[in-house]
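The values are calculated or read from the model by the stated rules, or taken from the named source; none is laboratory data. Quantities reported herein were computed from a predicted structural model and do not represent experimental measurements. Cβ placement follows ideal geometry from the backbone for every residue including glycine, while neighbour counts extend to all protein chains displayed.
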Amino acid sequence: MGETILDCVTVSRRKVLASAPVALTTAAAPAFAKAASAAVSNEIVMMTATDLSDAIHRKDLSSREVMMAHLAQIERLNPRFNAIVSRVDSNSLLRQAAAMDEDAAAGRFHGPLHGFPHAVKDTAPVKGIASTQGSPILRNNIPAADSLVVSRMRKAGALFVGKTNVPEFALGSHSYNPLFGTTHNAYAHGKAAGGSTGGGAVALALRMLPVTDGSDFGGSLRNPPGWNNVFGLRPSFGRVPSVPNSDLFWQNFATSGPLGRTVADLAMLLSVQAGGDVRAPFSLGDDPALFAGSLDRDWKGGRIGWLGDLGGELPMEAGIMETCTKALKAFEAIGMQVEAARLAEPAADMWQTAKTLRLWSVGADLQAFYDDPTKRAQMKPEAIWEVEGGMKLTGPQLAAASEGRTRIYNAFDAAFEHFDFLVLPTAQVFPFDVSEHWPTQIAGKAMDSYHRWMEVTLPATMAGLPALAVPAGFGGALKLPIGLQIIGRRHADLAVLQVGNAYEKASPWIAQSLPSVLNGSR
């Protein structure tokens, strides 16, 4: 954003705490340009979120230094990758960071995110920042209050620099919309970033933010991390309550959750987001501090069930299965057994269940826009398809889908009698060209909807189980990133994080595989 004018602050790991805001003038522009280029290689943006939090709490780093470094990274990379939208004025952010430093000097730390620059997914309301869901209909929607998960992050010390880009109405796993344009993959500019948390995953991978948040119905906390070599958790339903929510008792598909460059970073953010709330009747009341502790655990003798392509029922792009199968060796390296697994519920039946319930849920959410002809004209075809499909559903069809969802849960439960975790790819294709709306075929099989190519993520959603996306490697002809979903038992979020942490430690290539643009290559 051209309006960013910052004074030059030396970036270092020394104890520097500001007692007053930096003077911000247009004369500082050349100094900021110099700082921006220096910030690319400085230690701050490359630090893990847990190390960054520790440094701030030790007063080795000031919040203002942290903000400066990340704003410089955003200035350098965001115009090209388009991950962060609705930017907040940088002068205001530096003043907020200075206030955080004053609190730190007085011993008043807000929480683990104290002074963290953070951009919220553009589906969650943030007080005073446009919350558009990528739709022209909501172009001027400025919430008067934060959602619950946003308020928790704010209370923990996050400073909101803007929003992260999403597909229109968060529909689909390709983050483009008519308001802000397209987000590009962090590892392959010109390829899709995934969605609907595409902006968040790219901002994280490119070190524009220390951690990011997202939400997930059909894989939005799993496909983008898998395509950008980071981690994302779809928590157990109820782990991160959805408030406000006008449909407390039926809408139990989508959930908010964290993304991080390490499992420990992700878990730290989950410790902020999680926790029961009386306004959310299905929320889980476990102490969220559990997620902030050590994730070390011995997994020798544990069992991994590899679901693969669900017994050949899901088409996969060439290279997906090979790359993911190779990644499974990391589980063997930590002493676990990996065996082929099957779910008792057929893939075709699981798809029909998920499709019906999604039509009902998404269609109901968008019905009011559809009913207004002026607003309907501004909706993308996929959104109209969801509404019109939902309008055609009958009571018996919904009842049958609800019974199908029970069968999916029971199928997972039966599989967990033999395995500690079940594993699937995070997507059925590698990142595709940004000019495509969505893949129309996989391995010669036609896709009959805009989200059929993400069928692999829906079983865990329907079962309400925790699913951690971890990087699996780079494959296919272009060596593009893909991930694995590690699916755990009901409410076993901590165990999923623990096994993911062990997998990460057995996979040092994850941290070593940086986007080429971070090494100076374009």
Notebook entry, point to check: Is it the case that His491 is more than 26 Å from Ala401 (Cβ to Cβ) and either part of a loop (DSSP other than H, G, I, E, B) or among the aromatic types (Phe, Trp, Tyr) (or both)?
Noted result: no
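Leu393: assigned to a loop (DSSP other than H, G, I, E, B) and either on the phi > 0 side of the Ramachandran plot or touching a residue at least 12 places away in the same chain (Cβ under 8 Å) (or both), yes or no? Step through it out loud before you land on a result.
Numbers: assigned to a loop (DSSP other than H, G, I, E, B): yes; either on the phi > 0 side of the Ramachandran plot or touching a residue at least 12 places away in the same chain (Cβ under 8 Å) (or both): yes.
Yes: the conditions hold for Leu393.
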Notebook entry, point to check: Within the group His110, His118, which residue is under 17 Å from the mean Cα position of the chain (by Cα) and either at pLDDT 95 or above or part of a helix (DSSP H, G or I) (or both)?
Noted result: His118
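Can you pull out the residues in the range 289-310 that are among the hydrophobic types (A, V, I, L, M, F, W, C) and under 25 Å from the mean Cα position of the chain (by Cα)? So that I can check it myself, show each step before the final result.
So the first thing to find is which residues in the range 289-310 are among the hydrophobic types (A, V, I, L, M, F, W, C), and the list is 289-292, 295, 299, 304, 306-307, 310.
If the condition is that a residue be among the hydrophobic types (A, V, I, L, M, F, W, C) and under 25 Å from the mean Cα position of the chain (by Cα), then Ala289, Leu290, Phe291, Ala292, Leu295, Ile304, Trp306, Leu307, Leu310 are the ones that fit.
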Note to self: I'd like to check something: does the range 187-195 contain any residue that is touching a His at 6+ places or on another chain (Cβ under 6 Å), in a loop (DSSP other than H, G, I, E, B), under 17 Å from Phe81 (Cα atoms) and not hydrophobic (A, V, I, L, M, F, W, C)?
What the structure shows: yes
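Among the residues in the range 203-211, are any more than 17 Å from Leu113 (Cβ to Cβ) and in contact (Cβ under 8 Å) with a residue 40 or more places away in the chain?
In the first step, residues of the range 203-211 are kept if they are more than 17 Å from Leu113 (Cβ to Cβ); the result is 205-206.
Within this subset, residues satisfying the condition of being in contact (Cβ under 8 Å) with a residue 40 or more places away in the chain are 205-206.
Yes, the conditions are met somewhere in the range 203-211.
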Checklist line | the range 201-227, residues that are over 24 Å from Asp277 (Cα atoms) and not in a loop (DSSP other than H, G, I, E, B) | finding: Ala201, Val202, Ala203, Leu204, Ala205, Asn223, Pro224, Pro225, Gly226, Trp227
Check: Restricting attention to the range 358-370, does a residue exist that is surrounded by 18 or more Cβ atoms within 10 Å (Cβ to Cβ), under 24 Å from Trp227 (Cα atoms), touching a residue at least 24 places away in the same chain (Cβ under 8 Å) and of a type in the set (A, V, I, L, M, F, W, C)?
Finding: no
Checklist line | Only listed residue being among the aliphatic types (A, V, I, L, M), in a helix (DSSP H, G or I) and under 18 Å from Gln251 (Cβ atoms), chosen from Ala383, Ala400, Ala414 | finding: Ala383
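State whether one or more residues within the range 143-163 are of a type in the set (D, E, K, R), more than 16 Å from Gly214 (Cα to Cα) and assigned to a loop (DSSP other than H, G, I, E, B). If you could, list the steps in order and put the result at the bottom.
Here is the first cut: in the range 143-163, the residues of a type in the set (D, E, K, R) are 146, 152, 154-155, 163.
Narrowing further to those that are more than 16 Å from Gly214 (Cα to Cα): 155.
From what is left, the residues that are assigned to a loop (DSSP other than H, G, I, E, B) are none.
No.
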Next item on the list: Could you grab me the full set of residues in the range 176-207 that are out of contact with any strand residue (DSSP E or B) (no Cβ under 7 Å at 6 or more places or on another chain) and among the small types (Gly, Ala, Ser)?
Entry: Gly181, Ala186, Ala192, Gly194, Gly195, Ser196, Gly198, Ala205
Item checked: Filtered residue count, the range 324-355, keeping only those that are under 21 Å from Gly226 (Cα atoms) and part of a loop (DSSP other than H, G, I, E, B) -> 1
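Each row is one residue, and each column tells you yes or no for (1) in contact with a Ser or Thr (Cβ under 7 Å, 6 or more places away or on another chain); (2) within 22 Å of Ile510 (Cβ to Cβ); (3) surrounded by fewer than 23 Cβ atoms within 10 Å (Cβ to Cβ); (4) among the charged types (D, E, K, R).
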| site | (1), (2), (3), (4) |
| --- | --- |
| Asp122 | yes, no, no, yes |
| Ser131 | no, no, yes, no |
| Leu138 | yes, no, yes, no |
| Val161 | no, no, no, no |
| Val166 | yes, no, no, no |
| Gly181 | no, no, yes, no |
| Gly194 | yes, yes, no, no |
| Leu206 | no, yes, no, no |
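Restricting attention to strands (runs of 3 or more DSSP E) lying wholly within the range 228-323, give those where 3 or more residues are more than 22 Å from Asp216 (Cα to Cα), hydroxyl-bearing (Ser, Thr, Tyr) and touching a residue at least 60 places away in the same chain (Cβ under 8 Å).
Working: elements: 231-234, 255-260, 303-306.
Those strands (runs of 3 or more DSSP E) do not exist here; none qualify.
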Item checked: Residues (among the basic types (Lys, Arg) and either out of contact with any strand residue (DSSP E or B) (no Cβ under 7 Å at 6 or more places or on another chain) or under 26 Å from Phe217 (Cβ atoms) (or both)) located in the range 324-357 -> Lys329, Arg342, Lys355
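Given Ile442, Ile482, Ile408, which one is crowded, with 18+ Cβ neighbours inside 10 Å and either farther than 23 Å from Gly308 by Cβ or in contact with a Cys (Cβ under 9 Å, 6 or more places away or on another chain) (or both)?
After ruling out the rest, the residue left standing is Ile482.
Specify which of the listed residues (Gly483, Gly500) is touching a residue at least 24 places away in the same chain (Cβ under 8 Å), within 9 Å of Leu468 (Cβ to Cβ) and not in a loop (DSSP other than H, G, I, E, B). Quick ask: steps written out before the conclusion?
On the way: Gly483 fails: within 9 Å of Leu468 (Cβ to Cβ).
The unique qualifying residue is Gly500.
Identify all residues within the range 407-459 that are among the small types (Gly, Ala, Ser) and under 14 Å from His174 (Cβ atoms); write none if there are none. I'd like the intermediate steps shown before the answer.
Quick first cut of the range 407-459, residues among the small types (Gly, Ala, Ser) only: 411, 414-415, 427, 435, 443-444, 446, 449.
Result: Ala427, Ser435, Ser449.
The rows are residues; the columns are (1) more than 14 Å from the chain's Cα centre (by Cα); (2) over 18 Å from Leu77 (Cβ atoms).
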position	(1), (2)
Gly157	yes, yes
His174	no, yes
Phe180	yes, no
His184	yes, no
Gly190	yes, no
Gly195	no, yes
Gly199	no, no
Val202	no, no
Arg207	yes, no
